[in-house]
Amino acid sequence: MANERLRALEDVEKEIAIILHCAGTIVVELSKDKHNASLIDRQLSQFIASVNRVENELSSQIRYLTQVATGQPHEGSTYSARKDCQMALNRAEYTRMKLGELARTCEIMLDPQT
């Protein structure tokens, strides 16, 4: 799961490189006195397609991260279960401490020599 997410981000990085290349080609072509309209159209189409792919993948990544950050269940995460377990251990330790204090108080109150 994590490897797939990293691979998808690497693909996004490649798409961004394509976007920059297309934009550069378009700017160079437009700066010429006599530019090639068909080359500009092809580069523009590729630019738009790459931007759409980047936008879709980044939106997907953000949705996933939103799930993870809000504690909603998601594939491959044990954070919620570990957090619940740690909280239960903390409550058990607190209960043990309070019971110890209660036992000492009862001993003091029931000790006839005091």
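How large is the dipole of the chain about the Cα centre if only Lys and Arg carry +1 and Asp and Glu carry -1, each at its Cβ, rounded to the nearest 20 debye?
Values: 14 positive and 16 negative charges, 15 e Å.
Here the chain has a charge dipole of around 80 debye.
Any chance you could run the full-extension gain for ILE18 through ARG42? It's 0.36 nm times the residue separation minus the Cα-Cα distance, nm to one decimal. Can you show the working numbers first?
Values: separation 24, 0.36 × 24 = 8.64 nm, distance 1.28 nm.
Net length gain for the segment: 7.4 nm.
If you fit an axis through the alpha-carbon atoms of helix 37-69 and take the longest principal axis of the Cα set of the chain, what angle between them do you get, 0 to 90°, nearest 10?
Helix 37-69 and the main axis of the chain meet at about 0 degrees.
First compute the accessible area of the chain with a 1.4 Å probe, then give the percent of it belonging to carbon and sulfur atoms. Don't skip to the end; give the middle numbers.
Working: 5530 of 9250 Å².
Within the chain, the accessible surface is 60 percent carbon and sulfur.
Over the chain, what per residue volume does the convex hull of the Cα atoms give, in whole Å³? Numbers along the way, then the final one.
Details: hull volume 14.3 nm³, N = 114.
With only Cα atoms used, the chain gives 126 Å³ per residue.
Give me the net charge for the shell around ILE48: Cβ to Cβ below 14 angstrom, other residues only, Lys and Arg +1, Asp and Glu -1. Can you show the working numbers first?
Details: positive: ARG42, ARG53; negative: GLU15, ASP41, GLU55.
It works out to a net charge of -1.
Top mean-square fluctuation among GLU15, GLU29, GLU57, Gaussian network model of the chain, C-alpha springs under 10 Å?
Checking each option, the largest mean-square fluctuation is seen for GLU29.
Along Cα→Cβ, 7 Å out, is where each label goes; now give me the distance between the ones at ILE62 and ALA49 in nm to one decimal.
2.5 nm
Add +1 for every Lys or Arg and -1 for every Asp or Glu among the other residues with Cβ under 14 Å from the Cβ of GLU15, and state the total. Walk me through the numbers before you get to the answer.
On the way: positive: ARG7, LYS14, ARG53; negative: GLU10, ASP11, GLU13, GLU55, GLU57.
In short, -2.
Given a 10 angstrom Cα cut-off, can you work out which residue in ARG82, ARG96, ARG63 is the most mobile in a GNM of the chain?
Residue with maximal mean-square fluctuation among ARG82, ARG96, ARG63: ARG96.
Among the aspartates and glutamates, which have Cα under 17 Å from the Cα of LYS98 when same-chain residues fewer than 8 positions away are ignored?
Hits, sequence-local ones excluded: GLU107.
Give me the 1.4 Å probe accessible area per residue for the chain, excluding ligands and nucleic acids, in Å².
Values: 9250 Å² over 114 residues.
Heavy-atom accessible area per residue stands at 81 Å².
The values are calculated or read from the model by the stated rules, or taken from the named source; none is laboratory data. What you see is a predicted model; the values in this text were computed from it and never measured. Positions of Cβ are backbone-derived with ideal geometry, glycine not excepted, and every protein chain shown enters the neighbour counts. Quick note on the areas: whole protein, heavy atoms, side chains included, nothing else; ligands and nucleic acids left out. Shrake-Rupley method; radii C 1.70, N 1.55, O 1.52, S 1.80 Å.
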